[in-house]
Amino acid sequence: MLKTLFYIAVGGAFGSVLRFLTTVLVSKYWSAHFPLATFIANILGCFLIGLIIGIVEKNNLANSNLKWFLITGFCGGFTTFSTFGYENYTLFQNNNSLLAFLYIGLSVVMGLFAIWLGLIISK
């Protein structure tokens with residue numbers, strides 16, 4: 001268990017640093033109101049988690065430390081949106097479209113509400 005936590009922590013550190021560097025790089029060349037750095041991180045994270053899961057499944061690495069390092073750690077540190085995207089993809093693949101749309105809608109609405117509530121409480 002500790003070994004797994006170590007791989008997740010190290011992967012998460014790399015993902016978080018890359019997320020920060022993405023923001024720094026994009027901010028250097030883009031100053032519009034659209035949050036391009038976050039958008040890039042989220043879309044790239046979705047691509048990476050799909051690619052990595054495909055490689056893990058193809059090579060029978062479901063129980064490997066590489067999975068914990070790259071998927072849970074790196075992609076999780078880079079963006080949790082990638083996991084959200086994959087979970088919804090899985091729901092759609094399993095013919096749970098209603099549940100997927102409910103998950104998407106509730107996540108967006110409740111996420112915005114939670115931010116608002118946190119801001120209200122902190123004032």
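Go over the candidates 92, 101, 78, 113 one by one and state the one that is within 14 Å of the chain's Cα centre (by Cα) and aromatic (Phe, Trp, Tyr).
After applying the criteria, what remains is 78.
Restricting attention to region 24-39, which residues are among the β-branched types (Val, Ile, Thr) and either touching a strand residue (DSSP E or B) at 6+ places or on another chain (Cβ under 7 Å) or at pLDDT 90 or above (or both)?
Across region 24-39, the qualifying residues are 24, 26.
Report, ordered by the first and then the second residue, all pairs with beta carbons closer than 8 Å, sequence separation of six or more or different chains, a first member in region 88-116 that is modelled with pLDDT under 95, and a second member that is part of a helix (DSSP H, G or I) and open to solvent by 80 Å² or more (accessible area, probe 1.4 Å).
That search, which allows pairs on different chains as well, returns 91/99.
Determine if region 69-78 includes at least one residue that is touching a Cys at 6+ places or on another chain (Cβ under 6 Å) and either touching a residue at least 40 places away in the same chain (Cβ under 8 Å) or over 20 Å from residue 8 (Cα atoms) (or both).
Scanning region 69-78 turns up no residue that is touching a Cys at 6+ places or on another chain (Cβ under 6 Å) and either touching a residue at least 40 places away in the same chain (Cβ under 8 Å) or over 20 Å from residue 8 (Cα atoms) (or both).
Which ones in region 1-55 are surrounded by 17 or more Cβ atoms within 10 Å (Cβ to Cβ), free of Cβ contacts under 8 Å to residues at least 60 places away in the same chain and in contact with a Gly (Cβ under 9 Å, 6 or more places away or on another chain)?
42, 45, 46, 49
Can you tell me which condition residue 99 does not meet? The list is (1) in contact with a helix residue (DSSP H, G or I) (Cβ under 6 Å, 6 or more places away or on another chain); (2) closer than 25 Å to residue 2 by Cβ; (3) open to solvent by 80 Å² or more (accessible area, probe 1.4 Å), and all the others hold.
In the conditions (1) in contact with a helix residue (DSSP H, G or I) (Cβ under 6 Å, 6 or more places away or on another chain); (2) closer than 25 Å to residue 2 by Cβ; (3) open to solvent by 80 Å² or more (accessible area, probe 1.4 Å), residue 99 misses (2) alone.
The values are calculated or read from the model by the stated rules, or taken from the named source; none is laboratory data. As the structure is a prediction and not an experimental result, all values here were calculated from the model. All Cβ positions, even for glycine, are placed from backbone atoms using ideal geometry, and neighbour counts span all protein chains on display. In case anyone asks, the SASA skips ligands and DNA or RNA and just uses the protein heavy atoms, side chains included. Shrake-Rupley method; radii C 1.70, N 1.55, O 1.52, S 1.80 Å.
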